[in-house]
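Here's the structure we're looking at; comments come further down.
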Amino acid sequence: LDRAPAIALGTGVGLTLYGLALTINDDLAPTDGRAVIGLVWAAAAVGIGDAARSWRRYRESVELQARSAVDAAEAQARQQISDERLTIARELHDLVAHRVSMITVQAGAAQTVAASDPARAVRAMGAIETAGREALQELRQILGVLRADEEEAELVPAHGTGDLPGLV
(Lines give C-alpha, C1' and ligand atoms only; values in the text may rest on other atoms or scores of the structure.)
Protein backbone atom coordinates (compact mmCIF):
# COMPACT_ATOMS: atom_id res chain seq x y z
CA LEU A 1 0.00 0.00 0.00
CA ASP A 2 0.97 3.60 -0.41
CA ARG A 3 1.60 5.66 2.72
CA ALA A 4 -1.90 7.20 3.18
CA PRO A 5 -3.89 3.93 2.80
CA ALA A 6 -1.39 2.14 5.05
CA ILE A 7 -1.80 4.77 7.78
CA ALA A 8 -5.59 4.60 7.44
CA LEU A 9 -5.56 0.80 7.67
CA GLY A 10 -3.15 0.86 10.63
CA THR A 11 -5.31 3.44 12.40
CA GLY A 12 -8.43 1.32 11.77
CA VAL A 13 -6.76 -1.83 13.09
CA GLY A 14 -5.36 0.02 16.12
CA LEU A 15 -8.73 1.55 16.99
CA THR A 16 -10.42 -1.83 16.54
CA LEU A 17 -7.93 -3.46 18.91
CA TYR A 18 -8.38 -0.60 21.37
CA GLY A 19 -12.18 -0.96 21.23
CA LEU A 20 -11.98 -4.74 21.63
CA ALA A 21 -9.65 -4.41 24.62
CA LEU A 22 -12.08 -2.03 26.33
CA THR A 23 -15.11 -4.18 25.42
CA ILE A 24 -13.66 -7.51 26.52
CA ASN A 25 -12.14 -6.24 29.77
CA ASP A 26 -14.69 -4.22 31.75
CA ASP A 27 -12.11 -3.31 34.38
CA LEU A 28 -9.81 -1.43 31.92
CA ALA A 29 -9.83 2.36 31.92
CA PRO A 30 -9.60 4.09 28.48
CA THR A 31 -6.09 5.36 29.37
CA ASP A 32 -4.87 2.03 30.75
CA GLY A 33 -1.65 0.85 29.08
CA ARG A 34 -3.15 -2.59 28.42
CA ALA A 35 -5.94 -0.99 26.37
CA VAL A 36 -3.60 1.34 24.45
CA ILE A 37 -1.15 -1.47 23.53
CA GLY A 38 -3.17 -2.31 20.39
CA LEU A 39 -2.75 1.26 19.14
CA VAL A 40 0.98 1.09 19.86
CA TRP A 41 1.37 -2.22 18.00
CA ALA A 42 -0.62 -0.93 15.02
CA ALA A 43 1.48 2.25 14.88
CA ALA A 44 4.68 0.17 15.09
CA ALA A 45 3.49 -2.07 12.24
CA VAL A 46 2.64 0.95 10.08
CA GLY A 47 6.02 2.55 10.85
CA ILE A 48 7.96 -0.62 10.07
CA GLY A 49 5.96 -1.16 6.88
CA ASP A 50 6.54 2.43 5.78
CA ALA A 51 10.27 2.13 6.45
CA ALA A 52 10.44 -1.16 4.51
CA ARG A 53 8.53 0.38 1.58
CA SER A 54 10.81 3.43 1.55
CA TRP A 55 13.91 1.22 1.67
CA ARG A 56 12.61 -0.96 -1.19
CA ARG A 57 11.85 2.10 -3.35
CA TYR A 58 15.26 3.56 -2.58
CA ARG A 59 16.95 0.27 -3.53
CA GLU A 60 14.94 0.06 -6.78
CA SER A 61 15.91 3.65 -7.58
CA VAL A 62 19.60 2.94 -7.00
CA GLU A 63 19.42 -0.23 -9.11
CA LEU A 64 17.71 1.69 -11.91
CA GLN A 65 20.40 4.39 -11.78
CA ALA A 66 23.13 1.73 -11.85
CA ARG A 67 21.50 0.00 -14.83
CA SER A 68 21.18 3.33 -16.61
CA ALA A 69 24.84 4.13 -15.94
CA VAL A 70 25.93 0.73 -17.27
CA ASP A 71 23.73 1.12 -20.35
CA ALA A 72 25.15 4.59 -20.97
CA ALA A 73 28.73 3.33 -20.58
CA GLU A 74 28.06 0.44 -22.97
CA ALA A 75 26.49 2.81 -25.50
CA GLN A 76 29.49 5.12 -25.23
CA ALA A 77 31.89 2.19 -25.70
CA ARG A 78 29.94 1.02 -28.77
CA GLN A 79 30.08 4.57 -30.17
CA GLN A 80 33.83 4.80 -29.57
CA ILE A 81 34.35 1.45 -31.31
CA SER A 82 32.21 2.59 -34.22
CA ASP A 83 34.14 5.86 -34.46
CA GLU A 84 37.46 4.01 -34.38
CA ARG A 85 36.31 1.61 -37.09
CA LEU A 86 35.25 4.55 -39.23
CA THR A 87 38.66 6.18 -38.76
CA ILE A 88 40.44 2.95 -39.69
CA ALA A 89 38.18 2.50 -42.73
CA ARG A 90 38.99 6.04 -43.90
CA GLU A 91 42.72 5.44 -43.45
CA LEU A 92 42.55 2.16 -45.36
CA HIS A 93 40.54 3.81 -48.13
CA ASP A 94 42.99 6.70 -48.41
CA LEU A 95 45.96 4.35 -48.47
CA VAL A 96 44.56 1.97 -51.05
CA ALA A 97 43.04 4.70 -53.24
CA HIS A 98 46.32 6.66 -53.35
CA ARG A 99 48.47 3.63 -54.17
CA VAL A 100 46.07 2.19 -56.73
CA SER A 101 45.78 5.58 -58.45
CA MET A 102 49.55 5.81 -58.62
CA ILE A 103 49.81 2.25 -59.94
CA THR A 104 47.16 3.00 -62.59
CA VAL A 105 48.98 6.13 -63.77
CA GLN A 106 52.33 4.32 -63.90
CA ALA A 107 50.79 1.36 -65.78
CA GLY A 108 49.27 3.73 -68.34
CA ALA A 109 52.61 5.49 -68.78
CA ALA A 110 54.39 2.16 -69.20
CA GLN A 111 51.95 1.10 -71.92
CA THR A 112 52.29 4.42 -73.71
CA VAL A 113 56.10 4.36 -73.85
CA ALA A 114 56.68 0.62 -74.03
CA ALA A 115 57.36 0.54 -77.75
CA SER A 116 59.16 3.89 -78.12
CA ASP A 117 61.18 4.05 -74.87
CA PRO A 118 61.57 0.61 -73.23
CA ALA A 119 63.86 1.96 -70.50
CA ARG A 120 61.20 4.43 -69.40
CA ALA A 121 58.58 1.65 -69.44
CA VAL A 122 60.84 -0.47 -67.21
CA ARG A 123 61.18 2.46 -64.76
CA ALA A 124 57.39 2.86 -64.72
CA MET A 125 56.99 -0.87 -64.01
CA GLY A 126 59.54 -0.52 -61.17
CA ALA A 127 57.50 2.34 -59.74
CA ILE A 128 54.40 0.13 -59.95
CA GLU A 129 56.19 -2.63 -58.06
CA THR A 130 57.48 -0.19 -55.43
CA ALA A 131 54.02 1.34 -54.94
CA GLY A 132 52.48 -2.13 -54.61
CA ARG A 133 55.06 -3.19 -52.02
CA GLU A 134 54.61 0.04 -50.03
CA ALA A 135 50.84 -0.40 -50.09
CA LEU A 136 51.16 -3.96 -48.80
CA GLN A 137 53.62 -2.88 -46.10
CA GLU A 138 51.30 -0.08 -44.92
CA LEU A 139 48.33 -2.45 -44.95
CA ARG A 140 50.29 -4.93 -42.84
CA GLN A 141 51.14 -2.17 -40.35
CA ILE A 142 47.50 -1.10 -40.01
CA LEU A 143 46.34 -4.70 -39.70
CA GLY A 144 49.10 -5.30 -37.14
CA VAL A 145 47.65 -2.50 -35.01
CA LEU A 146 44.21 -4.02 -35.34
CA ARG A 147 45.49 -7.47 -34.39
CA ALA A 148 47.47 -6.18 -31.39
CA ASP A 149 44.41 -6.75 -29.17
CA GLU A 150 44.08 -10.34 -30.30
CA GLU A 151 46.86 -12.03 -28.34
CA GLU A 152 45.77 -15.51 -29.36
CA ALA A 153 45.26 -14.68 -33.03
CA GLU A 154 47.18 -17.14 -35.10
CA LEU A 155 48.65 -15.63 -38.23
CA VAL A 156 48.50 -18.13 -41.09
CA PRO A 157 49.12 -17.50 -44.77
CA ALA A 158 46.18 -17.35 -47.15
CA HIS A 159 45.21 -20.58 -48.89
CA GLY A 160 46.84 -21.22 -52.23
CA THR A 161 46.33 -23.65 -55.09
CA GLY A 162 48.31 -26.27 -53.16
CA ASP A 163 45.53 -26.30 -50.57
CA LEU A 164 42.83 -26.95 -53.19
CA PRO A 165 42.49 -30.73 -52.52
CA GLY A 166 41.97 -30.04 -48.79
CA LEU A 167 39.39 -27.38 -49.54
CA VAL A 168 37.52 -29.66 -51.92
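Which order, highest average first, do 161-168, 102-109, 3-10, 137-144 follow once you tally other Cβ atoms within 10 Å for each residue and take the mean per peptide? Mind dumping the intermediate values first?
Working: 161-168: 7.5, 102-109: 15.4, 3-10: 13.6, 137-144: 12.1.
Averaged packing, sorted descending, gives the order 102-109, 3-10, 137-144, 161-168.
Ordering W41, W55 by accessible area with a probe of 1.4 Å, largest first, what comes out?
W41, W55
Between S61, S116, S82, find the one with the highest GNM mean-square fluctuation for the chain; connect C-alpha pairs within less than 10 Å.
Ranking S61, S116, S82 by mean-square fluctuation puts S116 first.
Would you mind giving the three semi-axes, in whole Å and largest first, of the ellipsoid equivalent to segment 13-71 according to its Cα gyration tensor? All intermediate terms of the calculation are to be shown ahead of the outcome.
Values: eigenvalues 378, 11, 4 Å².
Semi-axes (√(5λ), whole Å): 43, 8, 5.
If I take every Cα pair under 8 Å that is 6 or more residues apart in the chain, average their sequence separation and divide by the length, what percent do I get for the relative contact order? Provide the component values of the computation, followed by the final result.
Details: 73 pairs, mean separation 22.5, N = 168.
Relative contact order here is 13 percent.
Dipole magnitude of the chain about its Cα centre, charges +1 at Lys/Arg Cβ and -1 at Asp/Glu Cβ only, in debye to the nearest 20?
In debye, rounded to 20, the chain gives about 360.
Considering the Cα positions of the chain, please state its Rg to one decimal place and its Dmax as a whole number of Å.
Rg then Dmax for the chain, in Å: 41.5, 133.
Using alpha carbons only, what's the Rg to Rh ratio of segment 68-109 with Rh from Kirkwood?
1.44
By how many degrees, 0 to 90 and rounded to 10, does the Cα axis of helix 3-24 deviate from the longest principal axis of the chain?
Tilt of helix 3-24: around 20 degrees.
By how many degrees, between 0 and 90 and to the nearest 10, does the Cα long axis of helix 33-113 differ from the longest principal axis of the chain?
Long axis of 33-113 versus the principal axis of the chain: about 10 degrees.
Add -39500 (n - 2.57) for each DSSP H run of 4 or more in the chain, then divide by its residues: what number comes out at 222 nm, to the nearest 500 deg cm²/dmol?
That calculation yields -30000 deg cm²/dmol at 222 nm.
The values are calculated or read from the model by the stated rules, or taken from the named source; none is laboratory data. Remember, it's a predicted structure, so these values are computed and weren't measured experimentally. Here Cβ is always computed from backbone atoms with ideal geometry, including for glycine, and neighbour counts include all displayed protein chains. Ligands, DNA and RNA are stripped out before the accessible areas are found, and what is left, the full protein with its side chains, is counted by its heavy atoms. Shrake-Rupley method; radii C 1.70, N 1.55, O 1.52, S 1.80 Å.
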